[in-house]
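What follows is one structure encoded as structure tokens, with my remarks underneath.
The values are calculated or read from the model by the stated rules, or taken from the named source; none is laboratory data. Worth saying up front: this structure is predicted, and the values here are computed from it rather than measured. Heads up, the Cβs are rebuilt from the backbone with ideal geometry, glycines too, and the neighbour counts pull from every protein chain shown. Ligands, DNA and RNA are excluded from the accessible area calculation, which covers all protein heavy atoms including side chains. Shrake-Rupley method; radii C 1.70, N 1.55, O 1.52, S 1.80 Å.
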Amino acid sequence: MDRVSEKFLDSLKRHGFEVHYRPGLPREELLSSVENYNVLVFRGRLKIDREVIDRGANLRVLARYGIGLDNVDVEHAVKRGIAVVNAPSASAISVAELAIALMLTVYRRLYEFIHSVKCGEWSKGKYLGRELHGKKLGVIGFGRIGSRVAHYAKAFGMDIMVYDIRDVSEEVSKLGGVQTDLEKLLNEADIVTLHVPLTPLTWHMMNDKTLSMMRDGAVLVNTSRGEVIDTDALLKHVDRLGGVALDVLEQEPPKDEKIWKLVKHPNVVVTPHIGAETVEAMDRIADELVKNILEAVNWL
Ligand code: NAD
């Protein structure tokens, strides 16, 4: 099990589970002990791949404490008769609020102002910020999180453009927005915010070709998955963009030189994958995941 809330642990125990809480468990220890468990709860840190699944002779449920299942070999698990569950709705509000916070951080240069004042510099007049009001927001992926971001952005007076592989035009038009193709969105948006799952189609969706479609001075926000953006391509375009705000990176935590180059770039702000890290989201994940684990256990 990875780091989870007390509420979740208590709730599992109340439902009769014997819980071994082992946050930060190294992969080697997971491999040597996974056969002892019927339910494995994890977050995004460890790869739950074929090797882990095959060693889990007694596994019945794989439970992702959160949303993203891109670190799980779901197909292999299902073939082995193991249920895979997650908590898909629980963190949408928290991630959407962070996406808006990151837009404001870039537009009002909050990081630079706060840092300079703490360093003893009264930096008023150093920069002029920009307002979200009246700007075009391009939302890529209009699911649970993207649609919320669009609603919040609407309240800020932004114009909404959406790209999604599903037809979401009716819902988007209720916001006074338009569903459009990717190229038009990238050509026109002042801020582009990414809310797609990581799939073979979205891997490096933002690459040299698509980043070239973004206007000079446009802002890119990513709270989805790091691999949706090609880091090399972003490094090529970062200087001409108006700012980049990332909650997720291609490598977390950053180790390689190119990832560090991006993190340290003055035009880039990075938060350490904290989209769902709120008291409320953790509580909701606990409720939703316990319910889904119980359903899976009863169903199997
Ligand atoms: P969702 O499944 O509700 O919505 C995803 C949307 O993307 C859907 O509307 C889908 O049709 C669309 N989509 C899928 N493939 C597409 C493609 N190739 N092109 C265009 N649109 C496509 O997902 P969600 O709950 O809104 O989550 C979105 C992302 O947020 C996921 O990547 C998830 O991993 C990430 N996330 C990040 C954090 C964090 O801590 N930063 C927390 C939770 C979720």
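Among the residues in the range 93-109, are any within 18 Å of the chain's Cα centre (by Cα) and farther than 23 Å from ILE229 by Cβ?
Yes - at least one qualifying residue is present in the range 93-109.
Of all residues in the range 87-116 being among the aromatic types (Phe, Trp, Tyr) and touching a Lys or Arg at 6+ places or on another chain (Cβ under 9 Å), which is surrounded by the fewest Cβ atoms within 10 Å (Cβ to Cβ)?
PHE113
Inside the range 167-189, can you point out the residues that are more than 14 Å from the ligand (Cβ to nearest atom) and closer than 23 Å to GLY226 by Cβ?
Listed by number, the list holds a single entry, ALA189.
Would you check which residues across the range 242-253 are open to solvent by less than 30 Å² (accessible area, probe 1.4 Å), farther than 13 Å from TRP203 by Cα and within 16 Å of the ligand (Cβ to nearest atom) and list them?
Correct list: VAL244, ALA245, LEU246, ASP247, VAL248.
Return the pair list, or none, for Cβ contacts closer than 6 Å from residues in the range 249-260 that are in contact (Cβ under 8 Å) with a residue 24 or more places away in the chain to residues that are among the polar types (S, T, N, Q) and part of a helix (DSSP H, G or I), at least 6 apart or on different chains.
GLU250/THR231; LYS258/THR231
For residues that are over 15 Å from ARG225 (Cβ atoms), within 16 Å of the ligand (Cβ to nearest atom) and in a loop (DSSP other than H, G, I, E, B), tally how many sit in the range 255-283.
Qualifying residue count for the region: 2.
Report, ordered by the first and then the second residue, all pairs with beta carbons closer than 9 Å, sequence separation of six or more or different chains, a first member in the range 89-100 that is more than 13 Å from GLU277 (Cβ to Cβ) and part of a loop (DSSP other than H, G, I, E, B), and a second member that is of a type outside the set (Asp, Glu) and near the ligand (Cβ under 9 Å from one of its atoms).
From the range 89-100, the pairs are SER89/ILE67; SER89/ARG144.
Can you tell which of THR193, THR202 is within 12 Å of the ligand (Cβ to nearest atom) and within 23 Å of ASN267 (Cα to Cα)?
THR193
Quick check on my filter: what residues within the range 133-150 are open to solvent by 10 Å² or more (accessible area, probe 1.4 Å) and touching a residue at least 40 places away in the same chain (Cβ under 8 Å)?
Across the range 133-150, the qualifying residues are LYS135, LYS136, GLY143, ARG144, ILE145, ARG148.
In the list ARG80, ARG109, which residue meets the criterion of being basic (Lys, Arg) and either in contact with a strand residue (DSSP E or B) (Cβ under 9 Å, 6 or more places away or on another chain) or within 15 Å of the ligand (Cβ to nearest atom) (or both)?
ARG109
Does LYS124 satisfy the condition of being surrounded by fewer than 17 Cβ atoms within 10 Å (Cβ to Cβ), away from the ligand (no atom under 16 Å from the Cβ), of a type outside the set (Ser, Thr, Tyr) and assigned to a loop (DSSP other than H, G, I, E, B)?
Spelling it out, LYS124 is indeed surrounded by fewer than 17 Cβ atoms within 10 Å (Cβ to Cβ), away from the ligand (no atom under 16 Å from the Cβ), of a type outside the set (Ser, Thr, Tyr) and assigned to a loop (DSSP other than H, G, I, E, B).
Of all residues in the range 139-166 being out of contact with any Asp or Glu (no Cβ under 7 Å at 6 or more places or on another chain) and in a strand (DSSP E or B), which is farthest from the ligand (Cβ to nearest atom)?
Applying the filter and picking the extreme gives ASP159.
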